[in-house]
Amino acid sequence: MSRFELTRIPFIKNTLKSRYPQLAVFIVMLVGYIFAILAGLIGTPVGSHNFSIVFVWIAWWAILILVAVPFFGRGWCAVCPIPLPGEWLQRGAVLSPPDKKPKWLNLRWPKFLRNIWMQNISFLLLALFSSVLLTTPNITGIVLAAMLFAAIGLSTIFERRAFCRYLCPVGGFIGLYSQTAPIELRIKDKQICVTCEGKPCYNGSANGYGCPWDVFPGGLTKNTYCGLCMECIRTCPHDNIAINLRPFSADLAKPSTRMDEAFKAFIMLGSAMIYAGVLLGPWGAFKDAAYNVGTSAWFIYAVIFLAIIFVILPGFFTLGILKTKGSLPLKQRFASLATALIPLGLMFWVAFSLSFVLTNASYIIAAFSDPLGLGWNLFGTANAVWQPMLTFVLAPAQTLALVGGLIWSARTAQKAANEIRTSSISVIAFSFILTLVMLWLLL
Amino acid sequence: MKRSELISRILITVAIVSVVGAPLYFWSHTPLIHVHIAEDGGWSPDVIKANVNEPLNLKLTSDDVVHGFAVGQMDMQSVDVLPGKVADVTLNFDKPGIYTFFCTRWCGINHWRMRGTIEVSGSPADPSTSSGQRPEPASVPMYVTLGLDIDAPHDSPSIPFSQPSAINGQQLAVNLPIDRSTEYYLGNSPYQVFDELGSTSLTEIQRWNVVASIWQSNTTPESLANGQHLFAQNCAACHGENGAGNGVFADDLAAADESSMQTMAGSDNMTMQSPVDFTNPTRMLGASPALLQGKILRGGMGTGMPMWGSIFTEEQIWDLIAYLYSFQFDYHN
């Protein structure tokens, strides 16, 4: 398939290679992140007027799911400020590697945790409390702070970015969906890597650090675990790293066979549907159950939530592929064919997010001027009234996203099925039924 | 260490310190009065100190729903306190004392509990310069001087078959030997006056019409309008806009039953009563203005009816009482 190497443009290459532009973005992001924590803790408890809720769960989320993930894959990870303080400690520097490395434990991440199950769990932990998390500034502040401190702590115990790679609740699904993005970091010539001595891209050199994501760039075939941190561009002595523009969903042609990733697809798909029903649907009882954390109604909601994700959706999916002929064992067929749910899930999230983002985007304008709810009017927009935006495009855009997602998923299913020589028909039927449910929930 | 590294570290440190320090500074220098529904604590703080003739600037913010802020016995527009927004209020007190502020938006069934006080100290200014403030009730309330038991039943033994008409009563009253003093009107219930008119040759409905005319002669259209305004703002939440005791909270109060009557500390030595129906003639025609003044001033202790003595001026209470009787009497043609 055709690729266009962006790093051939000198300006892009130099911008990525230099540490200063990245550091500047990191600092701005870190300031925003810490301000969000603070706003959550000391600002007004009214979520719709608190920076932490409005900028994290409306503005950031909108940019992440509608722009960053679909078009830049792990582009968010490239600028996320969470690893910055921990890495300063771990590396003993904020720019190039220092002459003397600080002495931290620098342990290898335990082998049995070298998968994204921890990320699946951390995402679900937040997901089950999401109604409260997404509306309560205090809780948002605490969760943001906890993630920052967890990242700092893990940086001193384990090597590289252990938090980003194995724990971050957001990183898990960004990685999964980044496979669909039209951008990738890859090597140019495999032969150069084979003969490269010392592999500084993985082990580090005076020019930069060994891959913080614990990935050997020479072996990259998909985006899932490449955090686009640009270290390897700086360390490669042979100028063999490229950032490419490529067709959408290029990574999905080679389906994964990992169960953690397959279940990640189900978790994301199921959560999008549950949220569409609970947060946007007309059923007050569901909403109450989701909101009243700790009550028996909430426990029932949590059990149903987990059942849909781990039993009902995978169960029907398995029933569908049970009868299909294939040389591979069921477990492998399951994991491979679940690849089709990646574009489907992404578009479910796009469709779901469109509705609450367009509905609530006007809060951003007011919160900009009075981020803590202290009565400020920094930019004269503090009294902007809440008003849903672009309401007339909402339903068509959602329909387009869902139908487009279904087609995309069907094509992916066909390719995955071809790859393992089986039929895609049941997977397409599964996607079709879920899309109908999602259309019904959202429209 | 290289210079670039050092500068970068300084930049990051300065950025972190200022993004933590600046908001904390401004936050600690903006004393907000947080407003919650009564169940979550009402006003916090609910006691505010002030000095005579020093402008008191208050910043109020609601942490949940829309509330309102007003100070009793003060000529001021109530201020809406919106969730997540800050309302600025500047108050001037020219007399020391304890002022009561209260919520003016029907925020929930415990709305009536949302009270706080402003303790104003200092020496009073020259009374002639006092502006915007009404004198506090100086006299002992009438129900005390008359020795009325405002909790005793006061049903009217007889009620008219149709609404008494003040216009019809006016002509009949012209030649009757009636005590026209204000004290007589204030101290007697409509039924008592009706009963005293029994010595005349008038029919029952004629006697009720005369009573209506006496009640009308003791009020003015302005007073009635003011009473109606106060009623709609403060009383209708429970007593209903049409006075029938069926305000928006009446059902909620009934549904919450005794529990809604508990004190916030959980002690439940209060009894559930549904809001009084002012359109009920048995109840209203047996109550004198003095009795009603007592009930409004003191509140229905333990029933959910708040005390209004610290909020309404004496004049406002009389206006309100005049309006309450208009649910019984026809003052128009």
When only residues in segment A:361-383 that are buried (at least 17 other Cβ atoms within 10 Å of the Cβ) and away from every other protein chain (no Cβ under 11 Å) count, which is farthest from A:Trp440 (Cα to Cα)? A:Phe368
If only one of B:Leu60, B:Leu32 is out of contact with any Lys or Arg (no Cβ under 8 Å at 6 or more places or on another chain), within 12 Å of another protein chain (Cβ to nearest Cβ) and under 30 Å from A:Ile37 (Cβ atoms), which one is it? B:Leu60
Residues of segment A:84-96 satisfying the condition of being surrounded by fewer than 19 Cβ atoms within 10 Å (Cβ to Cβ) and more than 8 Å from chain B (Cβ to nearest Cβ): A:Leu89, A:Gly92
The lone exception for A:Pro314 - which of (1) without any contact (Cβ under 8 Å) to a residue 24 or more places away in the chain; (2) under 26 Å from A:Leu439 (Cβ atoms); (3) in contact with a Phe, Trp or Tyr (Cβ under 9 Å, 6 or more places away or on another chain) it fails: (1)
Which one of these is among the basic types (Lys, Arg) and assigned to a loop (DSSP other than H, G, I, E, B): B:Arg9, B:Arg105? B:Arg105
Just a yes or no: is a residue in segment A:161-176 more than 23 Å from A:Ile342 (Cβ to Cβ) and surrounded by fewer than 20 Cβ atoms within 10 Å (Cβ to Cβ)? no
Going by the structure shown, is A:Ile12 within 14 Å of another protein chain (Cβ to nearest Cβ) and either exposed (fewer than 14 other Cβ atoms within 10 Å of the Cβ) or more than 19 Å from the chain's Cα centre (by Cα) (or both)? no
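Please state which one of A:Leu84, A:Leu38 is under 23 Å from the mean Cα position of the chain (by Cα), closer than 30 Å to B:Tyr25 by Cα and part of a helix (DSSP H, G or I).
Working: A:Leu38 fails: under 23 Å from the mean Cα position of the chain (by Cα).
Only one candidate qualifies: A:Leu84.
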The residue that is nearest to A:Ser353 (Cα to Cα), considering only those in segment A:418-443 that are assigned to a helix (DSSP H, G or I) and touching a Lys or Arg at 6+ places or on another chain (Cβ under 9 Å), is A:Ser426
Name the residues in segment B:71-126 that are within 18 Å of B:His229 (Cβ to Cβ) and among the hydroxyl-bearing types (Ser, Thr, Tyr), would you? B:Ser78, B:Thr104
Go through A:Tyr209, A:Tyr225 for me and flag whichever is outside the structural domain of A:Leu337 (by TED's automatic domain parsing) and touching an Asp or Glu at 6+ places or on another chain (Cβ under 7 Å). A:Tyr209
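For segment A:54-63, which positions are surrounded by fewer than 19 Cβ atoms within 10 Å (Cβ to Cβ) and touching a helix residue (DSSP H, G or I) at 6+ places or on another chain (Cβ under 7 Å)?
Within segment A:54-63, A:Trp61 is the sole residue that qualifies.
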What helices (runs of 4 or more DSSP H), lying completely within segment B:151-248, carry at least 1 residues that are farther than 21 Å from B:Gly299 by Cβ? B:166-173, B:182-187, B:190-196, B:204-217, B:221-230
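Would you check which residues across segment B:280-309 are more than 26 Å from B:Asp252 (Cα to Cα) and within 19 Å of the chain's Cα centre (by Cα) and list them?
B:Pro289, B:Ala290, B:Leu291, B:Gln293, B:Gly294
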Within segment A:348-360, is there a residue that is within 14 Å of chain B (Cβ to nearest Cβ) and crowded, with 17+ Cβ neighbours inside 10 Å? yes
So, in segment B:314-333, how many residues would count as being surrounded by fewer than 18 Cβ atoms within 10 Å (Cβ to Cβ) and closer than 22 Å to B:Arg115 by Cβ? 1
Being within 17 Å of B:Val35 (Cβ to Cβ) and among the charged types (D, E, K, R) is the filter; apply it to segment B:63-78 and report the residue that is farthest from the other protein chains (Cβ to nearest Cβ). B:Asp64
Yes or no: segment A:103-118 includes at least one residue that is buried (at least 18 other Cβ atoms within 10 Å of the Cβ) and either on the phi > 0 side of the Ramachandran plot or of a type outside the set (A, V, I, L, M, F, W, C) (or both). no
Name the helices (runs of 4 or more DSSP H) wholly inside segment A:151-241 in which the number of residues that are under 13 Å from the mean Cα position of the chain (by Cα) is 1 or more. A:169-178
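Out of curiosity, is B:Gln133 modelled with pLDDT of 85 or more and away from every other protein chain (no Cβ under 14 Å)?
Answer is no for this residue.
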Neighbours by Cβ (under 6 Å, 6+ apart or cross-chain): first from segment A:278-306, without any contact (Cβ under 8 Å) to a residue 40 or more places away in the chain; second part of a helix (DSSP H, G or I) and surrounded by fewer than 17 Cβ atoms within 10 Å (Cβ to Cβ): A:Ala289/A:Ala297
Hey, B:Gln170 surrounded by fewer than 21 Cβ atoms within 10 Å (Cβ to Cβ), in contact with a helix residue (DSSP H, G or I) (Cβ under 7 Å, 6 or more places away or on another chain) and under 15 Å from B:Phe327 (Cβ atoms) or not: no
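Quick grid of which residues meet (1) surrounded by 18 or more Cβ atoms within 10 Å (Cβ to Cβ); (2) within 14 Å of another protein chain (Cβ to nearest Cβ):
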| site | (1), (2) |
| --- | --- |
| A:Ala24 | no, yes |
| A:Phe35 | yes, yes |
| A:His49 | yes, yes |
| A:Ser52 | yes, yes |
| A:Pro70 | yes, no |
| A:Gly73 | yes, no |
Qualifying residues in segment B:83-101 (those that are surrounded by fewer than 18 Cβ atoms within 10 Å (Cβ to Cβ) and of a type outside the set (S, T, N, Q)) - the one nearest to the other protein chains (Cβ to nearest Cβ): B:Asp88
As an exercise: evaluate B:Thr104 against (1) under 20 Å from the mean Cα position of the chain (by Cα); (2) among the hydroxyl-bearing types (Ser, Thr, Tyr); (3) within 11 Å of another protein chain (Cβ to nearest Cβ) and give the number of the one condition it does not meet. (3)
Tally of residues being outside any helix (DSSP H, G or I) and either closer than 30 Å to A:Phe310 by Cβ or within 14 Å of chain B (Cβ to nearest Cβ) (or both) across segment A:102-131: 8
Which numbered condition B:Ala290 misses (of (1) in a loop (DSSP other than H, G, I, E, B); (2) touching a Phe, Trp or Tyr at 6+ places or on another chain (Cβ under 6 Å); (3) under 27 Å from B:Ala70 (Cβ atoms)): (1)
Limited to segment A:341-383, what total is found for residues that are in contact (Cβ under 8 Å) with a residue 12 or more places away in the chain, more than 14 Å from A:Ile58 (Cβ to Cβ) and in a loop (DSSP other than H, G, I, E, B)? 7
Hits in segment B:1-27 (condition: more than 9 Å from chain A (Cβ to nearest Cβ) and within 30 Å of B:Asn92 (Cα to Cα)): B:Tyr25
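The values are calculated or read from the model by the stated rules, or taken from the named source; none is laboratory data. Small disclaimer: the values here were computed from a predicted structure and weren't measured. Virtual Cβ from ideal backbone geometry, glycine too; neighbours counted across all protein chains shown.
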